[in-house]
Amino acid sequence: QGAFMPRSRSRSPRRSRSRDDRHRGSDRNRSPPYNDRRQDNRRVSLLVRNLGDGISSEEVKSVFERFGKVRDVYIPTDYYTKRPKPFAFIEFLNGDDARDAKDELDNREICGRKVSVLYAQRGRTTPDQMRARDSSDRSPGRSRRSPP
């Protein structure tokens, strides 16, 4: 007694369902498709472009915290000049809060500059990845644009 007995799978034969049976039942007990679910539990990052030179991560955080819990604010710095780049990543703990912030602050002024706010496409870049990208941007004779 007291020994753990794992649950066994049912040994009853599988019911085959016809094509009509699959579509006939009600959808009340089904969860909505992935795209229709609210994002409440997922962390979401926003990219904010066109920030001013002197803005601090604390100032950015105070603007975005009005919409919900902010986990992180990251303003990358240029590897060579050590100056902050004119954009930031803001990570929200709640996807709905991030959406509200994006909707409210896109094309608005923050510290005297009209910013654009969009969803960040990738996760945070490491300093080594940024360094590699910056050095390829600076190499002579190389262009990111394709020839005309």
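The values are calculated or read from the model by the stated rules, or taken from the named source; none is laboratory data. Please read these numbers as outputs of a predicted model, since none were measured by experiment. Please note: Cβ atoms are built from the backbone with ideal geometry, for glycine as well, and neighbour counts cover all protein chains shown. Keep in mind that these areas ignore ligands, DNA and RNA; they rest on the heavy atoms of the full protein, side chains included. Shrake-Rupley method; radii C 1.70, N 1.55, O 1.52, S 1.80 Å.
Out of the residues in the range 28-52 meeting the condition of being at pLDDT 50 or above and outside any loop (DSSP other than H, G, I, E, B), tell me which one is surrounded by the fewest Cβ atoms within 10 Å (Cβ to Cβ).
My answer is ARG49.
Somewhere in the range 53-74, is a residue open to solvent by less than 40 Å² (accessible area, probe 1.4 Å), in contact with a Lys or Arg (Cβ under 7 Å, 6 or more places away or on another chain) and either closer than 21 Å to ARG133 by Cα or small (Gly, Ala, Ser) (or both)?
Scanning the range 53-74 turns up no residue that is open to solvent by less than 40 Å² (accessible area, probe 1.4 Å), in contact with a Lys or Arg (Cβ under 7 Å, 6 or more places away or on another chain) and either closer than 21 Å to ARG133 by Cα or small (Gly, Ala, Ser) (or both).
What pairs can you find where one residue is in the range 77-89 and assigned to a strand (DSSP E or B), the other is of a type in the set (D, E, K, R), and their Cβ atoms are less than 8 Å apart, with a gap of 6+ or different chains?
THR77/ARG83; THR77/LYS85; PRO84/ASP53; PRO84/ASP78; PHE87/ARG49; PHE89/ASP72; PHE89/ARG124
Of all residues in the range 95-120, which are open to solvent by 40 Å² or more (accessible area, probe 1.4 Å), part of a loop (DSSP other than H, G, I, E, B) and at pLDDT 95 or above?
Scanning the range 95-120 gives ASP106, ASN107, ARG108.
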